[in-house]
Amino acid sequence: MIDLSIGRDLETWLDQVRRLGRDYLRPLGIEADRRHEPVPPDHPFFALAWRMGLGQPLGVEERSASGPRNGARRGVVVAEEMSYWDRGMSVAMPGLGLGGPPLLTMGTPEQKERFLAPFRDREQPHWAAFGMTEPGAGSDVAAIQTTARRDGDGWVLNGAKTFISNSMRADWIVVWATVDRAAGRAGHRAFIVERGTPGLEDMRYEHKMGLIAYESSSFTLRDCRVPVANLLGGERYYAERAGFKGAMKSFNATRPAIAAMAVGIARAAYDAARDFARAHYALDRPTPRYQRVREKLARMARKIEGGRLLCWRAAYLADVEQPNEIEASMAKAFAAGMAQEATGLAVEILGDAGVTADAYVEKLYRDVKAMDIVEGTGQIQRLVIARRLVGLPG
Ligand SMILES: Cc1cc2nc3c(=O)[nH]c(=O)nc-3n(C[C@H](O)[C@H](O)[C@H](O)COP(=O)(O)OP(=O)(O)OC[C@H]3O[C@@H](n4cnc5c(N)ncnc54)[C@H](O)[C@@H]3O)c2cc1C
């Protein structure tokens, strides 16, 4: 059974998110898109939102010893809402981002204390980042080439990372490297690389077709030396070979929220198309043209609902600590594809008005494409589902 009630606290919170969405997220997202520049970290909105307790909506939480666990469900609800207003802005928000799951899953108590402490300060916004992808290793994470070599009381990292969200503004980045390229995933280690560490170099923006509000950056690690204490989880974690799998598993908690962001974009496209159709078309006339517009709107609404339910189911399973790999992958694969279809249909419904540069649906059409790439492409999600369904290990 899935519990679909979100509770009064979350309802009230969503009202606040809606207000912030209308007043800040969408206008700032549009402005960033027009200027083709991410919203800078010192923008006053980030400090305001952070003080209010609003950050990146990924459903990542520190586990409390008691009380109901509903972080993943909160994550999908807030992620959809924020992304409805602007998906780029929702990722630009301060917070642990994808750096959170590995720290919370693998980190030693000392590491959690040390690296989470800045994020408890609500006066100054803080960001963290997750650096796995490399120029030649995206879907195939086992192929990462960044090396880690033990040297005295530290580790020396060499390699390059690409498309790492918020890494330029991050206090620290979880950087994945290998101690033995031939060992595949067994050779992987995760390190916390703090901002300003010598050898963390060449930080530069990648220019994206959409989602401009947040920065995606590439960087080089050149003889970048980090202390032994920054090896995430400590050596024991990897001796038990649980590290990499543990980190990947933790993404099953965040993947439903990423999928819900696609649902949010689809909902924004639907609303824009519906409002346009109401204002410009005589929808009550039984002409074939208007019937097709009605059908398109109904198709969008139906699929949005389906996508949302998949996200909810995957999040619910994460909250009750049940395996959800298939469900999380289904939610991600379906929602990203559905949202692409929805933005395409919205552009069609608006006709020529939909492709003009200042049409909101045109921005959504560009924003949505990356949703099928981030955190596992649609093809990879379908492979994961198929492997699980036929009983092969993931
Ligand atoms: C906006 C954005 C933000 C990102 N943020 C981060 C981040 O914060 N941290 C981070 O580490 N990475 C991040 N990434 C990188 C992202 O994780 C990778 O882009 C993604 O994993 C795909 O890797 P790739 O781009 O190298 O494509 P490839 O893996 O080269 O894939 C290219 C194409 O081949 C397909 N393909 C690949 N392997 C197979 C296969 N076995 N079978 C069938 N088809 C296959 C893929 O589906 C895809 O269509 C981000 C990417 C984007 C676009």
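The values are calculated or read from the model by the stated rules, or taken from the named source; none is laboratory data. From a predicted model like this one, the values you see are computed outputs, not experimental measurements. Heads up, the Cβs are rebuilt from the backbone with ideal geometry, glycines too, and the neighbour counts pull from every protein chain shown. For the accessible areas, the whole protein counts, side chains as well, though only heavy atoms, and no ligand, DNA or RNA atoms are used. Shrake-Rupley method; radii C 1.70, N 1.55, O 1.52, S 1.80 Å.
When a/c reaches 1.5 or more, the comparison of a/b and b/c decides; with that in mind, is the chain rounded, prolate or oblate per its Cα gyration tensor?
Details: a/c = 1.77, a/b = 1.63, b/c = 1.09.
Prolate, because a/c is 1.5 or more and a/b exceeds b/c.
So, with a 1.4 angstrom probe, what is the percent of accessible area on the chain that is carbon and sulfur? Walk me through the numbers on the way to the answer.
Details: 9380 of 17770 Å².
On the chain, the fraction of accessible area on carbon and sulfur atoms equals 53 percent.
Which residue, ARG150, ARG18, ARG255, has the most motion in a Gaussian network model of the chain that connects Cα atoms within less than 10 Å?
Greatest mean-square fluctuation among the candidates belongs to ARG150.
What number, rounded to the nearest 500 deg cm²/dmol, is the helix-based mean residue ellipticity at 222 nm of the chain, given -39500 (n - 2.57) per DSSP H run of at least four residues and division by all its residues?
Details: 13 runs with 201 residues, N = 394.
Rounded to the nearest 500, it is -17000 deg cm²/dmol.
For the stretch 298-394, which GluC sites (Glu not before Pro) are in a loop by DSSP, counting at most 13 other Cβ atoms within 10 Å?
GLU321
As an exercise, use a Förster radius of 22 Å and the Cβ-Cβ distance of SER5 and ARG122 to find the FRET efficiency, rounded to the nearest 0.05. Provide the component values of the computation, followed by the final result.
Numbers: r = 29 Å, r/R0 = 1.30.
The value I calculate is 0.15.
How much length is gained on full extension from ARG204 to ALA183, taking 0.36 nm per residue of separation minus their Cα-Cα distance?
Contour length minus Cα-Cα distance gives 4.5 nm.
For the stretch 1-151, what's the relative contact order in percent, using C-alpha pairs closer than 8 Å and at least 6 residues apart? Walk me through the numbers before you get to the answer.
Details: 136 pairs, mean separation 35.1, N = 151.
RCO, the stretch 1-151: 23 percent.
At most 11 other Cβ atoms within 10 Å and a DSSP loop assignment: could you name the GluC sites (Glu not before Pro) in the stretch 169-226 that fit?
Details: sites: GLU194, GLU201, GLU206, GLU215; in loops: GLU206, GLU215.
Here the sparse-neighbourhood loop sites are GLU206.
Which of LYS112/LYS369; LYS161/LYS208; LYS296/LYS332 have a Cα-Cα distance over 26 Å? The partial results should precede the final answer.
Numbers: LYS112/LYS369 34 Å; LYS161/LYS208 16 Å; LYS296/LYS332 22 Å.
Where the Cα-Cα span goes over 26 Å, the pairs concerned are LYS112/LYS369.
Do you know the relative contact order of the chain, to the nearest whole percent, from alpha carbon pairs under 8 angstrom that are 6+ apart? Intermediate results must be reported in sequence, preceding the final value.
Numbers: 728 pairs, mean separation 68.4, N = 394.
Across the chain, relative contact order equals 17 percent.
For the stretch 250-318, what is the accessible area per residue in Å² when the probe is 1.4 Å?
On the way: 3030 Å² over 69 residues.
It amounts to 44 Å² per residue over the stretch 250-318.
With r as the distance between the Cβ atoms of THR377 and LEU48 and R0 = 35 Å, compute the FRET efficiency 1/(1 + (r/R0)^6) and round to 0.05. Write out the running numbers ahead of the final one.
On the way: r = 35 Å, r/R0 = 1.00.
In this case the efficiency is close to 0.50.
Roll a 1.4 Å probe over the protein chains and send me the accessible area per residue for the stretch 140-197 in Å². Before the final figure, lay out the partial values.
Values: 2160 Å² over 58 residues.
Per-residue accessible area for the stretch 140-197 comes out at 37 Å².
Semi-axes of the equivalent ellipsoid of the stretch 270-338: what are they in whole Å, largest first, if each equals the square root of 5 times a C-alpha gyration tensor eigenvalue?
Calculated on Cα positions only, the semi-axes equal 35, 10, 8 Å.
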